[in-house]
Amino acid sequence: MSQRLVDAASRALAARTSRRGFLRRAAIVGSAMVTAPAAYALRPISAYQALVLPADCPPGSQCRGGWTEFCCVKTGVNTCPPGSVIAGWWRAEGSNYCGGTSRYYMDCNSTNCSSCGCGASGTCGNECTDCDCHCMHDNCNLWKECCTRFRYGQCNNQIECVGPIICRVVTCVPPWEWDSTCTRTDARSDVTRFHDSACLHPPLGPYPARPAVVRDHSWLLRDTLSPGTPDRPVFTLGTDGDVSLMGDWTGAGIATAGVVRGARTGITGRGNLTWYLRHVEGPGQPDLTFDYGIPGDIPIVGDWTGNGVDTIGIVRGSQWLLRTRNSAGEPDISFTYGEPGDIPVVGDWDGDGRDGIGVVRGTTWLLRNTPTPGPPDHTFDFGDAAGIPVVGDWDGDGISSPGRFSNGTWQVINRLTTGGPDLTFQYGQAGDQPLVWRRMVEPVVTP
Ligand SMILES: [Ca+2]
Ligand SMILES: [Ca+2]
Ligand SMILES: [Ca+2]
């Protein structure tokens, strides 16, 4: 934004704030608490700061254009913010951002139509939501937020009434592999194909491992390898017998929650394993649901292809059956490794960005750098057989290494050789399921 535009914007604001500012302030005080507390917490603004409307901006500024801003510009993460759902999508061709395949645009509509019903449009007005039309981060040089009341209608049609579009997710993952309610009813518009932002392409890492535990279906996520209370809002997901997992299911640069139902219940070999994956941080319904595997299989996740997207897999005895998409279907990669009764583990043992495989047999770790059949590349002993094996890039150098969780005590090493732990800390308690997650550094959101 040039200085001339800044000056013009300031003048325009000064002229208009006094008249409309008071009413806008009244609206924002209530909404800051309700809509997206995480996003607001990241913004060093006072709740009394007035909203900048598109009309406040000089002619030709981005906010006066027709488009809605990306969610990753709002929150740092290329997923819908809490309190919103995808209500529709379109695709653009010829953008080169998705390796020659379709690029998908998904609009996240507010779900807070609490006080109103909807007509045939399926949308309620801004006056019914806590989302007022304004420039993203009150910046005339960004696109808009909550200014468009529209739904394409391919997703979440079970929700009769949604509010305006908060922001936009853009991905190479098709909508029906992002949200199970999305249909394939096609909509195409190439006009947005070059719309882009650096935050749509988070670095592939390395992101240092962060510890988590699941206790009675409550997820307690911590940011550092140290004792303390959860750093993230505690939420619940799953039910008795589910296996809990975390993965970066869309390449957003953050691992989110998932559970697999049927893995520990039901009759071995009969029925299905059902996967429930969340793309949004914190509480909410699963976005993506599909079947893969059968009872008795051990569910695993990994980035088998090195594209930053974690996808599913199962281990059946010593058979590894991996998918390169998060959807039902036949295995894309299958081979035999280990012995029945081994505990499977997944990690990037050589730091090339692709996950390898491994098994833990008692205290012995037998790791292989690639998801292929063959002998182990690394064999060593670590920990006591009673602890639950975990894997993480504890020191953030891009290479995964082992850990053990036992009654709330984590012991981890930063190498793939026999020896004692490099770091020991307490997080969680006996009976918890330990998990390892990761997240790109906190977004720097510039108002
Ligand atoms: Ca992948
Ligand atoms: Ca690797
Ligand atoms: Ca490491």
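Summary table below
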| quantity | calculated |
| --- | --- |
| Residue that is farthest from N307 (Cα to Cα), among those in the range 351-361 that are within 16 Å of ligand 1 (Cβ to nearest atom) and in contact with a strand residue (DSSP E or B) (Cβ under 9 Å, 6 or more places away or on another chain) | I357 |
| Which listed residue, of T224, T183, T229, T239, is more than 16 Å from ligand 1 (Cβ to nearest atom), in contact with a Lys or Arg (Cβ under 9 Å, 6 or more places away or on another chain), free of Cβ contacts under 8 Å to residues at least 40 places away in the same chain and under 25 Å from T311 (Cβ atoms) | T239 |
| Residues satisfying the stated conditions in the range 203-221, i.e. surrounded by fewer than 19 Cβ atoms within 10 Å (Cβ to Cβ), under 17 Å from P283 (Cβ atoms) and either of a type in the set (S, T, Y) or touching a residue at least 40 places away in the same chain (Cβ under 8 Å) (or both) | R215, S218 |
| Count of the range 287-343 residues which are away from ligand 1 (no atom under 16 Å from the Cβ), buried (at least 18 other Cβ atoms within 10 Å of the Cβ) and among the acidic types (D, E) | 3 |
| Failed condition for V191, given (1) in the same structural domain as Y292 (by TED's automatic domain parsing); (2) closer than 25 Å to Q154 by Cβ; (3) not basic (K, R) | (1) |
| Hits in the range 265-277 (condition: in contact with a Phe, Trp or Tyr (Cβ under 8 Å, 6 or more places away or on another chain) and within 23 Å of S218 (Cα to Cα)) | L273, T274, W275, L277 |
| Some residue of the range 404-419 being in a loop (DSSP other than H, G, I, E, B), more than 15 Å from ligand 3 (Cβ to nearest atom) and of a type in the set (V, I, T) | yes |
| Qualifying residue in the range 314-326 (condition: more than 16 Å from ligand 3 (Cβ to nearest atom) and under 13 Å from the mean Cα position of the chain (by Cα)) | no |
| Residue in the range 362-369 that is of a type in the set (S, T, N, Q) and within 16 Å of ligand 2 (Cβ to nearest atom) present | yes |
| Selection count, the range 362-388, where residues are under 25 Å from G308 (Cβ atoms) and either surrounded by fewer than 17 Cβ atoms within 10 Å (Cβ to Cβ) or away from ligand 3 (no atom under 16 Å from the Cβ) (or both) | 5 |
| Top-ranked residue in the range 127-147 [being free of Cβ contacts under 8 Å to residues at least 60 places away in the same chain and buried (at least 17 other Cβ atoms within 10 Å of the Cβ); ranked as farthest from the chain's Cα centre (by Cα)] | C128 |
| Unique residue being without any contact (Cβ under 8 Å) to a residue 40 or more places away in the chain and within 16 Å of ligand 3 (Cβ to nearest atom) when the list is D348, D422, D332, D342 | D422 |
| Meets criteria (in a strand (DSSP E or B) and either in contact (Cβ under 8 Å) with a residue 12 or more places away in the chain or at positive phi (or both)) for I300 | yes |
| Subset of the range 324-350 (residues that are over 20 Å from V260 (Cβ atoms), in contact with a Pro (Cβ under 8 Å, 6 or more places away or on another chain) and within 16 Å of ligand 2 (Cβ to nearest atom)) | F335, Y337 |
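The values are calculated or read from the model by the stated rules, or taken from the named source; none is laboratory data. Treat the numbers as computed from the prediction; the structure is a model and nothing was measured. With ideal geometry, Cβ positions are generated from the backbone for all residues, glycine too; neighbour counts draw on all protein chains shown.
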